[in-house]
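Some notes on the structure that comes next.
The values are calculated or read from the model by the stated rules, or taken from the named source; none is laboratory data. Keep in mind the model is a prediction, meaning the values are calculated, not measured. FYI the Cβ positions are ideal-geometry reconstructions off the backbone, even for glycines, and counts take in every protein chain you see. For the accessible areas, the whole protein counts, side chains as well, though only heavy atoms, and no ligand, DNA or RNA atoms are used. Shrake-Rupley method; radii C 1.70, N 1.55, O 1.52, S 1.80 Å.
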Amino acid sequence: MTAATRLSISGMSCAGCVTSVEDAINSVAGVSLASVNFAEHTATIEGEVNTESLVDAIRAAGYDAAQLTGAEDESEKEAAEMEHYRQLLKKAVLAGIVGVPQFVFGMAGLLPGFDDAGGRLFWLGIGLLTVFVLVYSGGHFFSGAWKSAKNHNANMDTLIALGTGTAWLYSMVIIADPTLVPSMAQHAYFEAAAIIIALINLGAALEMRARGKTSEAIKRLIGLQAKTARVIRDGVEQDIPIEDVGLDETLRVRPGERIAVDGILIEGHSSVDESMLSGEPVPVQKAVGDEVAAGTINKMGSFLFQAKRIGKDTLLSQIIEMVRTAQSSKPAIGRLVDRVSAVFVPSVLIVSVLTFLAWINFAGGDQVTTFAIVTTMTVLIIACPCALGLATPISIMVGVGKAAEFGILIRNGDALQLAGKLDTVILDKTGTVTEGRPSVTSILVLDDWNEDQLLQWGASLEQGSEHPLAEAIVIAAKEKNMSFLEVENFAAIAGHGVEASIEAKTVLIGNRKLMNDRNIDISALDAAAHELTLQAQTPMFIAVGGKAAGLISVSDAIKPDSMAAIKRMHDIGLKVVLLTGDNRETANAVARQVGIDEVIAEVLPQDKADKVASLQARGERVGMVGDGINDAPALARADVGFAIGSGTDVAIESADITLMRNSLNGVVDAVAISKATVRNIKQNLFGAFIYNSLGIPLAAGVLYPLMGILLNPMIAGAAMAMSSLTVVSNANRLRLFNPAGER
């Protein structure tokens, strides 16, 4: 699978442009997925395709594009946006200088009429000055409308260009021959055109400034990357750019310094602030053999570590890419809005024509022509789909960034939307509810066996297994400095245990099912095994030569915060299910201790996905929480898969949502952020739809027959500009949301 290509898109003026750009990208051979983010003005493309083809297709559609490849390009994009912000302000000020005095003097009755040559000459000068405003301050609207028209499209630029252009053209016609319309209709709208341009530019500038705050999560993550590293080469310590650090090089980190790349500590010890990974403020103790991650901060003590992951392979780089991709993705609700926006502008054009025809044909009086022009212009100006287009992506950007602050990495917009709709959460036991570090707690022997001998045989057999329980037995033997016996014919029996030969004897170690399948009599161990399972311990039976030799009991401590996290799940209405391959009695004991509702035990790894599917078949929306590797099929089958892990051990690619903290509280926090984000999106969409639902009829003049009121085009321009700013400001409220506030 090739890496996604990110492009910066220029020329998009509204949500309607999103569909045009996406269609252009999808027309390129080799594109498998394209997502255009109107809030960021970026596109993310997956597939076997070269960048030049993508850029050419986008330019052919009337827009422009450039590839974004790293932090340097992001900085250039940010600098370009800041320059554009300043230009918008300049254009707004100039248009205001021309339009506002006209409006003020006109309201005061101080401007000349059209009944003499002097008055018409004055207005001709004002008209030429307004042309300058339309070219300098509003030129981008007219050029955008022209490009869109050439590609048989219509967008926000089309509406603004038609509205302000109509106002200017009508005014020039009045100046040329006022007798073409009744005296009551002899009015120039130069001030409306100029002030509308000023207001829209000002609104766009303020919106751009507010939008910049939504990407602060990415900026902070990029800011965590160290610029230099202190390496030891030929026995000499030297500072070099981080780009020059090679694999397996030895680096020194001093107190207070930021760790440059991922690696393994080889000398010294310290405490490291890993809050940028996990969201937890408590420093983590590090000793020889422990992993350290780029971007984390060494709190105290100097140590040496060996570089193991550099450049884009570091965990921090993966996190940045994951957050960036998620912010650019669209949930189902966003794709629906894009489809609506694609037909919105053409619909408004039809409404504006109908408005004009309705006034001309059904209204009376000397001012009917003026009213027809004004209402048509007002409909065009007020009906901007910008707020509609920003409603979803702007909230997604902030929500994904907020999740990252709490060590929650969300892969895509769909996962963010669905997490808040879950009603059932399935938890794997080992490493999810428990610590994932089992240890031997007791050894029971039969006949001529002793504890050390049984442990030695069990550990020798389990050396070939990767199961956490097997690892516990091996560690216990190593702690006693035991030597391992030669093992032959090793075979793992999925979900049951292992089998091999030691000293020409067949040795079995595993659960009760394995013993029963091989007709091993374990009745002498039954009572003790039952008592151990009631204490949430897992008994592993050992048989040698077809006869029971004893059992080794392994216990995996429950995480300190599992009970509290599961209570939080219940508090928000989630049903909690424990899904484990462990024996039923042990699973039930764990469930009782932490308050889990339902237990599905003794499940083979390959069958976990089927259990998820069976719950879904009952109509439940299911989230699966596991280690992200062994539970991959179940994570993929669930409506939302949560990979839980700590630090660099987490399997980022295994689930929809990755929890960097080794805590179930991350699941509840993710659900809370999902609900808050979707609620914010709905607020934005409601505001945008209400704005257009009320604004367009008002602009068309529905209140005039009842109250004699027409909406001023300048007010329409201000309302249009403020609608987008309101959406962005509402989305930024998410930055203050604290999902952990209820703990």
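Quick grid of which residues meet (1) modelled with pLDDT of 85 or more; (2) β-branched (Val, Ile, Thr); (3) over 23 Å from the mean Cα position of the chain (by Cα):
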residue: Gln616; (1), (2), (3): yes, no, yes
residue: Glu620; (1), (2), (3): yes, no, yes
residue: Gly623; (1), (2), (3): yes, no, no
residue: Asp627; (1), (2), (3): no, no, no
residue: Asn630; (1), (2), (3): no, no, yes
residue: Pro633; (1), (2), (3): no, no, no
residue: Asp649; (1), (2), (3): no, no, no
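So, in region 166-187, exactly how many residues are open to solvent by less than 50 Å² (accessible area, probe 1.4 Å), modelled with pLDDT of 85 or more and more than 23 Å from Leu349 (Cβ to Cβ)? Selection size over region 166-187: 2. When region 402-449 is limited to residues that are among the basic types (Lys, Arg) and within 29 Å of Pro468 (Cβ to Cβ), the one that is least open to solvent (accessible area, probe 1.4 Å) turns out to be Lys429. Given the criterion over 19 Å from Leu202 (Cα atoms), touching a helix residue (DSSP H, G or I) at 6+ places or on another chain (Cβ under 9 Å) and of a type in the set (A, V, I, L, M, F, W, C), identify the matching residue among Leu94, Leu111, Leu88. Of the residues listed, the single one that is over 19 Å from Leu202 (Cα atoms), touching a helix residue (DSSP H, G or I) at 6+ places or on another chain (Cβ under 9 Å) and of a type in the set (A, V, I, L, M, F, W, C) is Leu111. Of the residues Val671, Val702, Val667, the single one that is among the hydrophobic types (A, V, I, L, M, F, W, C), at pLDDT below 90 and over 22 Å from Arg339 (Cβ atoms) is Val702.
A single entry from Ala145, Ala95, Ala65 fulfils the requirement of being outside any loop (DSSP other than H, G, I, E, B), in contact with a strand residue (DSSP E or B) (Cβ under 7 Å, 6 or more places away or on another chain), at pLDDT 85 or above and not acidic (Asp, Glu): Ala65. Assessment of region 329-342 against the conditions (of a type outside the set (A, V, I, L, M) and open to solvent by 50 Å² or more (accessible area, probe 1.4 Å)) yields at least one matching residue. Number of residues in region 558-567 that are surrounded by fewer than 22 Cβ atoms within 10 Å (Cβ to Cβ) and in contact with a strand residue (DSSP E or B) (Cβ under 6 Å, 6 or more places away or on another chain): the value is 1. In the condition set (1) under 28 Å from the mean Cα position of the chain (by Cα); (2) over 30 Å from Val702 (Cα atoms), Ala391 is compliant with all but (2). Regarding Glu585, is this residue over 30 Å from Lys675 (Cβ atoms), open to solvent by 20 Å² or more (accessible area, probe 1.4 Å) and touching a His at 6+ places or on another chain (Cβ under 8 Å)? Taking the combined requirement at face value, the residue satisfies it. Residue pairs whose Cβ atoms lie under 7 Å apart, separated by 6 or more positions or on different chains, with the first residue in region 134-153 and in contact (Cβ under 8 Å) with a residue 40 or more places away in the chain and within 14 Å of Gly11 (Cα to Cα) and the second of a type in the set (A, V, I, L, M) and open to solvent by less than 60 Å² (accessible area, probe 1.4 Å), are Gly138/Ile197; Phe141/Ile160; Phe141/Ala161; Ser148/Ala154; Asn151/Ala61.
Residue pairs whose Cβ atoms lie under 8 Å apart, sitting 6 or more positions apart in sequence or on different chains, and linking a residue in region 1-30 that is acidic (Asp, Glu) to a partner that is assigned to a helix (DSSP H, G or I), are Glu22/Asp338. Being under 28 Å from the mean Cα position of the chain (by Cα), under 24 Å from Ala731 (Cβ atoms) and either open to solvent by less than 40 Å² (accessible area, probe 1.4 Å) or hydrophobic (A, V, I, L, M, F, W, C) (or both) is not true of Glu78. Checked against the criterion of being of a type in the set (A, V, I, L, M), within 26 Å of Gly497 (Cβ to Cβ) and either at pLDDT 85 or above or touching an Asp or Glu at 6+ places or on another chain (Cβ under 8 Å) (or both), the candidates Ala609, Ala638 yield just one match: Ala609.
Pick out the one residue from Asp157, Asp115 that is in contact with a Pro (Cβ under 8 Å, 6 or more places away or on another chain) and touching a residue at least 12 places away in the same chain (Cβ under 8 Å). Going through Asp157, Asp115 in turn, just one is in contact with a Pro (Cβ under 8 Å, 6 or more places away or on another chain) and touching a residue at least 12 places away in the same chain (Cβ under 8 Å): Asp115. Taken as a whole, region 446-457 holds at least one residue that is among the acidic types (Asp, Glu), within 28 Å of Ile558 (Cβ to Cβ) and modelled with pLDDT of 90 or more. One residue alone among Gly109, Gly119 is loosely packed, with under 14 Cβ neighbours inside 10 Å and more than 32 Å from the chain's Cα centre (by Cα), and that residue is Gly109.
Candidates are the residues of region 606-632 that are open to solvent by 70 Å² or more (accessible area, probe 1.4 Å) and assigned to a helix (DSSP H, G or I); the one that is nearest to Val668 (Cα to Cα) is Lys611. On inspection, Ala536 fails the criterion of being out of contact with any His (no Cβ under 6 Å at 6 or more places or on another chain) and modelled with pLDDT of 90 or more.
Has region 54-61 got any residue that is over 19 Å from Ile196 (Cα atoms), surrounded by 12 or more Cβ atoms within 10 Å (Cβ to Cβ) and not aliphatic (A, V, I, L, M)? Yes, some residue in region 54-61 is over 19 Å from Ile196 (Cα atoms), surrounded by 12 or more Cβ atoms within 10 Å (Cβ to Cβ) and not aliphatic (A, V, I, L, M). Just one residue in the set Ala39, Ala24, Ala43, Ala3 is part of a strand (DSSP E or B) and either open to solvent by less than 60 Å² (accessible area, probe 1.4 Å) or modelled with pLDDT under 90 (or both); that residue is Ala43.
Does region 80-92 include one or more residues that are within 26 Å of Ala387 (Cβ to Cβ) and polar (S, T, N, Q)? Within region 80-92 (the criterion being within 26 Å of Ala387 (Cβ to Cβ) and polar (S, T, N, Q)), the answer is yes, since at least one residue qualifies. Looking across region 262-301 at every residue that is outside any strand (DSSP E or B) and polar (S, T, N, Q), the one that is least open to solvent (accessible area, probe 1.4 Å) is identified as Thr296.
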